[in-house]
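Below is one structure, written out as structure tokens, with a few remarks after it.
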Amino acid sequence: MTKLVPGNRTRIVLTVAGAAALLSSALVSTAAHGQGRAVTVRGIAYDSLRAEALEGAVISVIGTGKTTISDRRGRFEFEDVAPGTYTFTMNHGALDSLGLTGVSSQIEVTNGREDVRLAVPGFSAFWSVACATAPPKDSILVYGAVRHPADQTPVPMAKVELAWLDLGVKGRREVTQQAQTLSTTTDSTGAFGFCGVPKGAGLRIRAVTDDAASGIIDLPPDDSRVRWRDLTIGQYLMLDSTQVGTISGVVMRGTGTPLAGARIVMDEAPEAHTDDDGRFTIRGVPAGTRQLQVLAVGTNELSRVVDVRVNRTTELVIFTEAVTTLAAVRVTGSAFIRHMAEGLTERRKLSFGSFLDSTDFTGQGPVRSVFEGIAGLAVRAMNREYVLVLKESAVRECPANIFIDGIRQMDQERLWTFRREDIKAVEIYKRGSLVPPEFQVLRSTCGSVAVWTRSVFP
């Protein structure tokens, strides 16, 4: 049963029964029962949400011990199947990401001409179960369940909050932003859901009751039309300081070697650092779904969601991705230059930031002179070094996130090695909420400055 709450964006509670109904939505073809020898049965694994074949799906025939894996076209087959009625099951990461344990279908095998089709349910199937309205073109569904961390029992009547930023353009150049929030309560099975969430938005979700809460969990922007996130909630430490667990793990470079000195940051626990073996341990973490962030020089920032259980240790293995910082390399490939130029042109049309080009850089001098006189920016001299800052208000400013020729810089040191005449174009995004995806920095609320040199645009 689906519960609907009227509003500008419909809020829903998706029951476990509704989710179970989706599991049986696989499409199959059957033929009349017949007699004969063992035959070969063929089929296809398909993702209806993304309209593509599923490679690497694990397909099994219940009760026979037969298992195979779908190829890059989603095709699979089983040899020597005796005539009869069988249940075919499919497991794949695409199902895991939706909180579904698998898809199954029953089919009667006769002469081997049957075509088994095992499919991830499509958006319309999810939407019809959850929302009972016509599927929209520009909205997504967010659903999940709230449980106790100790025994995974459901938490009814928990409040679940969902938040995001709506960006708009007023007039020709004024960009507006407005925080949007939705809330709902879980049903008797702990399930919840939200219909009508804008597609492509970065979301934050949290579950709370009178005496317990989860952490604030980020759902980064992606192109999925169905988002799933289960949450577990632990008691507030002020009520019971024993309701804690431990997170222990190892941080590895992409090459497989340990990463020493990485910072492990959480909202609910003291900061930790990895040792020479890349290991870290954080004790006294409140039970429930929590989020941690890994920060290290020379690597991309990343976050992990962890379900912490009382008096238990959660083990993690985290692989980081190195940031490749190129020195002064002259790029002459016309396709690359064209791609960069097209991106710059498209961002300029959106008018979320301020833009300078070579006509603004006449004359010679240090690169800091490029930024002088621009409202909302300032160059500060700190400890014999320069820092480009963005003024968020009359009393608050923050160091700008710097990108040079499309590559994020871990600090601002390289920026000050250029001369005014080396610069071809500059993009300035003064607030973190206005930064386009290619210049966003995880967990940073400050804006970004993208500098394009004549190495890329001769």
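Round to the nearest 0.05 the FRET efficiency obtained for D276 and R37 when R0 = 45 Å and r is the Cβ-Cβ distance.
Efficiency, rounded to the nearest 0.05: 0.10.
Pop a pseudo-label 7 angstrom from the Cα along the beta-carbon direction at both T314 and L350 and give the gap in nm to one decimal.
Once both label points are built, they end up 3.2 nm from each other.
Using a 7 Å offset from the Cα along the Cα-to-Cβ direction at both T133 and N300, what is the distance between the two label points in nm, to one decimal?
So the two model labels end up 3.5 nm from each other.
Relative to the compact-globule scaling 2.2 N^0.38 Å, provide the ratio for the alpha-carbon radius of gyration of the stretch 334-453.
So the stretch 334-453 has a normalised radius of gyration of 1.02.
Which of the GluC sites (Glu not before Pro) across the stretch 411-458 are loop residues per DSSP, with 13 or fewer other Cβ within 10 Å?
Qualifying residues, ordered by number: E413.
Want the number for S433 to Y236: 0.36 nm per residue separation, take away the alpha-carbon distance, what's left?
Using 0.36 nm per residue and subtracting the Cα-Cα distance, I get 67.8 nm.
Calculated FRET efficiency, E413 and E372, Cβ-Cβ r, R0 30 Å, to nearest 0.05?
After rounding, the FRET efficiency stands at 0.95.
Take peptides 218-224, 94-100 and line them up by average Cβ neighbours within 10 Å, highest first, as a rough protection proxy.
Those peptides, ordered most packed to least, come out 94-100, 218-224.
Any read-out appearing in this document is the output of simple, stated calculations on the displayed coordinates, not a laboratory observation. These numbers were taken from a predicted model, which means no experiment stands behind them. Don't worry about glycine lacking a Cβ; one is built from the backbone with ideal geometry, like all the others, and counts go over all protein chains shown.
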